[in-house]
Amino acid sequence: MDDADDKSALWPLVAELARVVSQSADEEAICGCAQKVFARAIGHQLFTVLAYNEQAGEVVRMYSNRPKEYPVSGTKAMGLTPWGAHVLQRGKFFIGRNAADIEWAFPDHALIASMGLQSALNLQVRVAGTTLGTVNLLHVAGHYHHAQVEVGSILAALLAPVLLARC
């Protein structure tokens, strides 16, 4: 669905995710629906949702479509990294287009590379200027571009209630 002429096909996906968010308190069900919607709207091979604890400068993975490689558990310090300053603190999206970008952004770049992933799209989820977490998509090199940010940001914003429930 990357074709800009096919934006009307996005609305049923947005509606489906909004319906699940409005009717469920099940974090796994909501994030699972989001994973399917993001797959159809933008595409990914790895999809994760991270909750952000600003005071601790840490993120916790609350959803992963590949739990063997990226399990849901534990915390990691990301708030003090250059990526964390850009995405978590300033509330900006990040597009990594190749392996060098991935290495710059993520301490676990070797694991990412071993999965054949060399591009990333990280979208912040913010409410009232506060970052609650991120939606993270990874794919083969060159998959992500600026045209996907608008759609991704709309979809990511729909996850605000599930991230707020974590606060």
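The table below lists the values:
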{"read-out": "Phi-based couplings in Hz for the range 91-96 (Karplus 6.51, -1.76, 1.60; Gly and Pro marked x)", "value": "x, 9, 7, 10, 10, x"}
{"read-out": "From the coordinates shown, Cα extents along the principal axes in Å corresponds to which of (i) 49, 36, 30; (ii) 42, 33, 31; (iii) 36, 34, 31", "value": "(iii)"}
{"read-out": "Cα centroid of the range 125-167 to Cα centroid of the range 79-117, whole Å", "value": "14 Å"}
{"read-out": "Heavy-atom surface of the range 25-162, accessible at 1.4 Å and reported per residue (Å²)", "value": "44 Å²"}
{"read-out": "Loop-resident sites, the range 73-145, for trypsin sites (Lys or Arg not before Pro), counting at most 16 other Cβ within 10 Å (DSSP)", "value": "90, 92, 97"}
{"read-out": "Label-to-label distance, nm, for residues given as residue 164 and residue 54 (7 Å Cα→Cβ offset)", "value": "1.5 nm"}
{"read-out": "J(HN,Hα) series, the range 106-118, from Karplus relation 6.51 cos²θ - 1.76 cosθ + 1.60, nearest Hz, glycine and proline x", "value": "10, x, 9, 4, 5, 5, 4, 4, 5, 8, x, 9, 9"}
{"read-out": "For the chain: lysine pairs under 24 Å (alpha-carbon distance), excluding those fewer than 8 apart on one chain", "value": "6"}
{"read-out": "Cβ-placed point charges (K, R +1; D, E -1), dipole of the chain about Cα centre in debye, nearest 20", "value": "220 debye"}
{"read-out": "Apportionment of accessible area to carbon and sulfur, the range 43-115, percent (1.4 Å)", "value": "54 percent"}
{"read-out": "Of the GluC sites (Glu not before Pro) in the range 51-154, those whose Cβ has at most 15 other Cβ within 10 Å and which sit in DSSP loop", "value": "54, 69"}
{"read-out": "Rounded to whole Hz, the Karplus (6.51, -1.76, 1.60) HN-Hα couplings of the range 35-50, x for glycine and proline", "value": "4, 5, 5, 4, 4, 6, 7, 10, x, 6, 10, 10, 10, 9, 10, 10"}
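The values are calculated or read from the model by the stated rules, or taken from the named source; none is laboratory data. Keep in mind it's a predicted model, so treat the numbers as computed, not measured. So basically every Cβ, Gly included, is an ideal-geometry build from the backbone, and we count neighbours across all protein chains shown. Ligands, DNA and RNA are stripped out before the accessible areas are found, and what is left, the full protein with its side chains, is counted by its heavy atoms. Shrake-Rupley method; radii C 1.70, N 1.55, O 1.52, S 1.80 Å.
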